Amino acid sequence: MKSDVEYLEFMWPLRHFLITCGQIGRKSNIMAVSFCMPVSKEPPLIACAIAKEAYSCELIKETGEFIVNVPPPELEPRIYYCGFHSGRDVDKFAETGLTPRPARRVKVPFIDECLAHMECRVKQAMETGDKMLFVGEVVEAYADEDLARGERNVEFTPGGFPRKIYATRFKER
Ligand SMILES: Cc1cc2nc3c(=O)[nH]c(=O)nc-3n(C[C@H](O)[C@H](O)[C@H](O)COP(=O)(O)O)c2cc1C
């Protein structure tokens, strides 16, 4: 016997990333994103699906740039803060205490407390249902020195299913 399910739950675990967008000192923002994956090795491309109504969607459209930041597990509460608040209402850098740092090739700041950073320039953008799918070319990629040297393994956040955000069925559970 098989029963109907909340299908999205069966796509998880998905890694949780913090996407930064906007410009340092001017409308910069942080968003929690799980719909994010590599889609080409050469050229290096990453695709992120961002809700059309998200402030981040507006900023990425405006500047054509974003950074995928890889958060360590201890940032989980702040990932959830960034995933439940909009940059239209709050300054997420100020509220979370995360530190914006100037990036190498894009105007978007990266998050100092994260482990690794992929600077992306939008190559393609397409509507996919309730999201905009941004395909970004990775123009720079860097990480904490010990990780880059292979002296430490990356510890990812558990990447559990954010039911409050994605449940389309069984919302009461
Ligand atoms: C763990 C987690 C993962 C999320 N993944 C995505 C995602 O992949 N795409 C998306 O559009 N929203 C995702 N969200 C929801 C956004 O982060 C949320 O709508 C956020 O408030 C948007 O912020 P903004 O309006 O400042 O851009 C996620 C939330 C959480 C907590």
Take the chain, connect every pair of alpha-carbon atoms lying under 10 Å apart with a spring to form a Gaussian network, then pick out the residue of A54, A148, A103 with the largest mean-square fluctuation.
A148
What is the local net charge at R152, summed over the other residues whose Cβ is closer than 12 Å to its Cβ (Lys, Arg +1; Asp, Glu -1)?
-4
Give the accessible area for I79 in Å² (nearest 10); use a 1.4 Å probe, count only protein heavy atoms, and leave out ligands, DNA and RNA.
10
Could you tell me which of M37, C120, I60 has its Cα farthest along the dipole of region 7-166 towards the positive end, charges placed at Cβ (Lys, Arg +1; Asp, Glu -1), taken about the Cα centre?
I60
Cut-off of 10 Å, at most 14 other beta carbons, DSSP loop: longest stretch of the chain lacking such GluC sites (Glu not before Pro)
54-150
To the nearest 20 debye, what is the magnitude of the charge dipole of region 1-80 about its Cα centre, counting +1 on the Cβ of each Lys and Arg and -1 on the Cβ of each Asp and Glu?
200
Selection from G129, A143, T20 lying farthest towards where the dipole of the chain points positive, charges on Cβ
G129
Over all directions, average the projected area of the Cα convex hull of the chain and note it in nm².
11.6
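The values are calculated or read from the model by the stated rules, or taken from the named source; none is laboratory data. Remember, it's a predicted structure, so these values are computed and weren't measured experimentally. Reconstructed Cβ throughout: ideal geometry from the backbone, glycine too, with neighbour counts over all protein chains shown. Protein only, heavy atoms only, side chains kept; ligands, DNA and RNA dropped before computing areas. Shrake-Rupley method; radii C 1.70, N 1.55, O 1.52, S 1.80 Å.
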